[in-house]
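J.: Just passing along the structure, written as structure tokens.
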Amino acid sequence: MPNAAKLELLPAVDVRDGQAVRLVHGESGSETSYGDPLQAALAWQRAGAEWLHLVDLDAAFGTGDNRAQIAEVARSMDLKVELSGGIRDDDTLAAALATGCRRVNLGTAALETPEWVAKVIAEHGDKIAVGLDVRGTTLRGRGWTRDGGDLYETLARLDAEGCARYVVTDINKDGTLQGPNVELLRNVCAATDRPVVASGGVSSLDDLRVLASLVPEGVEGAIVGKALYAKAFTLEEALAAVS
Ligand SMILES: O=C(O)c1ccccc1NCC(=O)[C@H](O)[C@H](O)COP(=O)(O)O
């Protein structure tokens, strides 16, 4: 019998002003710094990660970018990279894809330039994921600072346009170590037949086991940031917990 699909884990490296950081609720100014992003990414790779979730926070917030450094990290990895932050037009998409990343995550663009997003979904297929970053059921764009419409209306539109996958973040949970929003994830999975990557709030191996139990409902993966940097558990332990 084939093995049941296991939850994919994506350790996060969020880059602000050249440093690997974690924010609380994604708020600019709430950074805790964890040093060199390349060293952080290499540490997750050595620990057995198959994926890396790599975010340019300055590009997301519109406070500059870390494009050269992000490209260096992505190119140095043997694992699969999901790239996020400030990818909003042909130029930023081309630069992101040129790093050799496996897929990119579009956020603000899906809210503000839906025609462009429909076009690039048609062109690039599953290299494009859309980040659905929400407070309640209201989407947030521009580094999570501006309201961007209703979650389920946007999801229905993106489904119709052929979006391959969603990265779903409850901003109220992000960076807080309070556990993922399981109800939100189940509701999104019920509303779409596309895979969902859960993001924000993972605090323990039990949280990961709960997310792994949602694989049959459509949760494909889990992004883990703060818990790894705060050493709540090791990546090796996390990978063993969901294997
Ligand atoms: O991904 C983005 O574009 C982004 C934009 C603005 C603020 C934060 C953003 N991403 C944060 C992440 O992807 C986190 O790494 C991830 O949600 C992990 O959260 P946690 O495990 O709670 O630290």
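Listed here are the residues, each with its yes/no results for (1) closer than 28 Å to Pro195 by Cα; (2) surrounded by 23 or more Cβ atoms within 10 Å (Cβ to Cβ).
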residue: Gly35; (1), (2): no, no
residue: Leu57; (1), (2): yes, yes
residue: Ala60; (1), (2): yes, yes
residue: Arg75; (1), (2): yes, no
residue: Val81; (1), (2): yes, yes
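J.: Taking the condition touching a residue at least 40 places away in the same chain (Cβ under 8 Å), away from the ligand (no atom under 12 Å from the Cβ) and not small (Gly, Ala, Ser), does Pro114 pass?
T.: Spelling it out, Pro114 is indeed touching a residue at least 40 places away in the same chain (Cβ under 8 Å), away from the ligand (no atom under 12 Å from the Cβ) and not small (Gly, Ala, Ser).
J.: Could we say that Ala240 is surrounded by fewer than 20 Cβ atoms within 10 Å (Cβ to Cβ), over 17 Å from the mean Cα position of the chain (by Cα) and within 16 Å of the ligand (Cβ to nearest atom) here?
T.: no
J.: Does region 117-134 contain at least one residue that is under 26 Å from Gln19 (Cβ atoms), part of a helix (DSSP H, G or I) and acidic (Asp, Glu)?
T.: Looking for residues that are under 26 Å from Gln19 (Cβ atoms), part of a helix (DSSP H, G or I) and acidic (Asp, Glu), one finds none in region 117-134, hence no.
All of the numbers you see were taken from the coordinates with simple rules; none came from a lab. Since we're looking at a predicted model, the values are computed, not measured. Every residue, glycine among them, receives a Cβ derived from its backbone with ideal geometry; neighbour counts consider all protein chains shown.
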